[in-house]
1. Please work out which one of (1) under 15 Å from residue A:192 (Cα atoms); (2) part of a loop (DSSP other than H, G, I, E, B); (3) of a type in the set (D, E, K, R); (4) modelled with pLDDT of 60 or more is the condition residue B:213 fails and give its number.
2. When you look at residue A:49, is it in contact (Cβ under 8 Å) with a residue 60 or more places away in the chain, surrounded by fewer than 18 Cβ atoms within 10 Å (Cβ to Cβ) and within 16 Å of DNA strand D (Cβ to nearest atom), yes or no?
3. When residues of region B:140-163 are filtered for being more than 11 Å from chain A (Cβ to nearest Cβ) and in a helix (DSSP H, G or I), how many remain?
4. Could you name every one of the helices (runs of 4 or more DSSP H) located completely within region B:1-103 that has at least 1 residues being among the basic types (Lys, Arg), under 19 Å from residue B:168 (Cα atoms) and within 14 Å of chain A (Cβ to nearest Cβ)?
5. Give the residues of region B:18-51 that are over 21 Å from the mean Cα position of the chain (by Cα) and of a type in the set (Asp, Glu), sorted by residue number.
6. So for region A:27-38 (the condition being within 17 Å of residue A:125 (Cβ to Cβ), within 11 Å of DNA strand C (Cβ to nearest atom) and out of contact with any Phe, Trp or Tyr (no Cβ under 7 Å at 6 or more places or on another chain)), does at least one residue qualify?
7. Looking at region B:116-139, which of its residues are facing another protein chain (nearest Cβ under 9 Å), without any contact (Cβ under 8 Å) to a residue 40 or more places away in the chain and under 22 Å from residue B:89 (Cβ atoms)?
8. Take the residues of region A:52-80 that are of a type in the set (Gly, Ala, Ser) and loosely packed, with under 14 Cβ neighbours inside 10 Å: which is farthest from the chain's Cα centre (by Cα)?
There are 2 protein chains.
Amino acid sequence: MASDTKDRILDVAEALFADHGFAATSLRDITHDAGVNIAAVNYHFGSKDSLLAAVLERRIGPVNRQRLIMLDEAEAAAGEAGATIDALARALLSPPFRQCLVGERGPVKFQQLAGRIHAEPHAHARAILLAQFGEITRRFVPAFRKALPHLSEDEAGWRLLFVVGAMAHTMMSPHMFELCGGRQPDDSEELLEALVQFVVAGLKAPAAARTSRTSPTAGAVA
Amino acid sequence: MASDTKDRILDVAEALFADHGFAATSLRDITHDAGVNIAAVNYHFGSKDSLLAAVLERRIGPVNRQRLIMLDEAEAAAGEAGATIDALARALLSPPFRQCLVGERGPVKFQQLAGRIHAEPHAHARAILLAQFGEITRRFVPAFRKALPHLSEDEAGWRLLFVVGAMAHTMMSPHMFELCGGRQPDDSEELLEALVQFVVAGLKAPAAARTSRTSPTAGAVA
DNA sequence: GTCTATATGCGGATAGAC
DNA sequence: GTCTATCCGCATATAGAC
């Protein structure tokens, strides 16, 4: 069956891109693991680049739709006051974490891939991300700014960057847990709670004082 | 001169690995940009893998030494009480940011590379990181735990992961700034202050309540 | 839709002259 | 130490039979 082949390729590609990165994964690796012929990739997707696009789009779309649904709910519930930081953080972070509970084969690997792709230099990948995240940025940045009126525009943007960084890195487990000496959580939900707790507090922090006093030890290293 | 060739290769490799990733950068690209012969890489470094190791080690060593110096200072200044979160965060984050001010050609690119390499799946790269960060983890984790006694061992480890994620992502600018709609800072110091402010507040957050109530909209997406 | 066979180019690494 | 020339394997992509 055609769709079976196509889905098997997508699933295996997702897993291998997540494990080894895009450039280091060959179509031969993918088709071998999927048990399909090498020519099938080109028949169904046209090229390796297009395959990556298909892998990404299959998952990012639903996650981002869910984010916007939760954002709408949070804003509706809060009325004039605007959504709380906690609600905004959950709207942004919980959909990608939750998705790993949906299926059996793919989504858990996509969590890793999503984390990795944020750092991937591949032009196609970044273009896809940019396109898919356009609306997310457009909706979330003003919502965060409304909830964080004490921050300058720049600092609000940077804090969002910190949040995304913490999220992306966390989603790249297990590569990351060994670095920090932490235990891998049995429960994705537990890790999500810890992350939300962290970023909410970080977002609520007072604006940074512009003290650029240099540390006494700066430059003391060879 | 021999050392000139070697350094030029290191500088160019650092820049290209940072821009395109390890797997996507060929030795031909590197030697072309450096204006040296293709065979020079193998003569001076032995292999592409060893070149990567050399690129990483040249920068990580000094940064991590500086981190340990600042950690020692912070602990000495605080005495029995243990270092403050603020001092620990600065000891961890400021050396890699500061290094971008040291030279002209290389270090600014290394900031990007360091961010990227955290996400790179390449086995050699991760082994090098693990080796170089062994002592950092060994010293910083207990210090953070002492300063954060209200957290479980797991949660303290995870928060460190969040901190490293926010740092790594931030250091990968400019790739990242376009995603979040933020302005690129003119001053690295300004961005560092914002990051410290954010992570200190996040680290100090109360322990996460174990409420795993599922959101009403979970699973509502196609 | 699926396969085999193959075109074509780029990759890392090396041999050996200078 | 630096160069040219080359080995050899793997990469993506395609042509064309079934």
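The values are calculated or read from the model by the stated rules, or taken from the named source; none is laboratory data. Note that this is a predicted model, so its numbers are computed, not measured. Every residue, glycine among them, receives a Cβ derived from its backbone with ideal geometry; neighbour counts consider all protein chains shown.
1. The single condition residue B:213 does not satisfy is (4).
2. Working: in contact (Cβ under 8 Å) with a residue 60 or more places away in the chain: yes; surrounded by fewer than 18 Cβ atoms within 10 Å (Cβ to Cβ): yes; within 16 Å of DNA strand D (Cβ to nearest atom): yes.
Here the answer is yes, as residue A:49 does meet what is asked.
3. Matching residues across region B:140-163 total 3.
4. Output list reads B:48-78, B:85-98.
5. B:29, B:33
6. Of all residues in region A:27-38, those within 17 Å of residue A:125 (Cβ to Cβ) come to A:27, A:30.
Subsequent filtering for residues that are within 11 Å of DNA strand C (Cβ to nearest atom) retains A:27.
When the remaining residues are screened for being out of contact with any Phe, Trp or Tyr (no Cβ under 7 Å at 6 or more places or on another chain), the result is A:27.
The answer is yes, given that some residue of region A:27-38 is within 17 Å of residue A:125 (Cβ to Cβ), within 11 Å of DNA strand C (Cβ to nearest atom) and out of contact with any Phe, Trp or Tyr (no Cβ under 7 Å at 6 or more places or on another chain).
7. B:137, B:138
8. That would be A:79.
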